[in-house]
1. Could you please let me know if Ala153 is among the small types (Gly, Ala, Ser), over 13 Å from the mean Cα position of the chain (by Cα) and crowded, with 19+ Cβ neighbours inside 10 Å?
2. Phe104 - would you say it is assigned to a loop (DSSP other than H, G, I, E, B) and buried (at least 17 other Cβ atoms within 10 Å of the Cβ)?
3. Inside segment 111-126, can you point out the residues that are over 18 Å from Val160 (Cβ atoms) and part of a loop (DSSP other than H, G, I, E, B)?
4. So Gly141 ticks every box in (1) at positive phi; (2) not in a loop (DSSP other than H, G, I, E, B) but one. Which box is left unticked?
5. For segment 177-191, name all the residues that are out of contact with any Phe, Trp or Tyr (no Cβ under 7 Å at 6 or more places or on another chain) and within 12 Å of Lys107 (Cα to Cα).
6. Considering (1) modelled with pLDDT under 95; (2) crowded, with 19+ Cβ neighbours inside 10 Å; (3) closer than 15 Å to Asn184 by Cβ, say which one Ser116 fails and leave the rest.
7. Within the group Val172, Val160, which residue is surrounded by 15 or more Cβ atoms within 10 Å (Cβ to Cβ), hydrophobic (A, V, I, L, M, F, W, C) and within 22 Å of Val100 (Cβ to Cβ)?
8. Which residues, taken from segment 134-169, are under 22 Å from Leu115 (Cβ atoms), at pLDDT below 90 and out of contact with any helix residue (DSSP H, G or I) (no Cβ under 7 Å at 6 or more places or on another chain)?
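The values are calculated or read from the model by the stated rules, or taken from the named source; none is laboratory data. Since we're looking at a predicted model, the values are computed, not measured. Backbone-built Cβ (ideal geometry, glycine too); neighbour counts: all protein chains shown.
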Amino acid sequence: MKKISTVLVAVIALVLLGSCGSSETQKMNLGTMDGTRYINEYFGLEIEINEDWELMSEEEKIAITIRGTKFAGGDDEKFKEKLEAGEFEQVYLLAAYKDVEDSFEPKITCLAEDLSGYYDIDGEREYLKIMKDGFESIDIGYNFSEEIYMEKAGNTEFYVLESTIEREDFDVTQKFYVKIIKNNAITFITSYSTKEQEEELDEMMQTIELR
């Protein structure tokens, strides 16, 4: 069995620092914003991002996606070709944060990891277990809960794993929501340090629509 990719571990660590067309005709892409709504036709995925949150740009998503790969970047058309061909193991679809003074900035991210290299993975629960093992193997301060549970966000049931990171001024909680679509592990990650931030992120997660 393949371990969780080091690219995914590294990218998730960075979190701390509608259309009705047929998805079958779509090719892999990073998705688009329609006002405050993120839409990815390939995965049939939509989510509403609060208006006062800052979004990662297309250029920033590409830069993180190609990090650790042999693709040097600088050619958007070439990147699109490689993305559509499924040549990137892990793709950064969405990232947003709220600008907060003198406190942790809450964040929401969404990644897609191609599962073609996993020979015997058995669904979302096992994927999260492998991800947890990957974090613990590099010892970057994550304290994971033992329980993997199911939680409904919007119209979809996700498998969820929680973690905390203890810092001097505050603790950070992260929730990893996973759903496998088209042989990709779609992972939403919410990061927060207060109850108010948690509730705001939960409200956004409840706007998820998967078709």
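1. For Ala153, the condition - among the small types (Gly, Ala, Ser), over 13 Å from the mean Cα position of the chain (by Cα) and crowded, with 19+ Cβ neighbours inside 10 Å - is met.
2. Yes; evaluated as a whole, the condition is true for this residue.
3. Within segment 111-126, Leu115, Ser116, Gly117, Tyr118, Tyr119, Asp120 qualify.
4. (2)
5. Answer for segment 177-191, where residues must be out of contact with any Phe, Trp or Tyr (no Cβ under 7 Å at 6 or more places or on another chain) and within 12 Å of Lys107 (Cα to Cα): Thr190, Ser191.
6. It is condition (2) that Ser116 fails.
7. Exactly one of Val172, Val160 is surrounded by 15 or more Cβ atoms within 10 Å (Cβ to Cβ), hydrophobic (A, V, I, L, M, F, W, C) and within 22 Å of Val100 (Cβ to Cβ), namely Val172.
8. Glu136, Ser137
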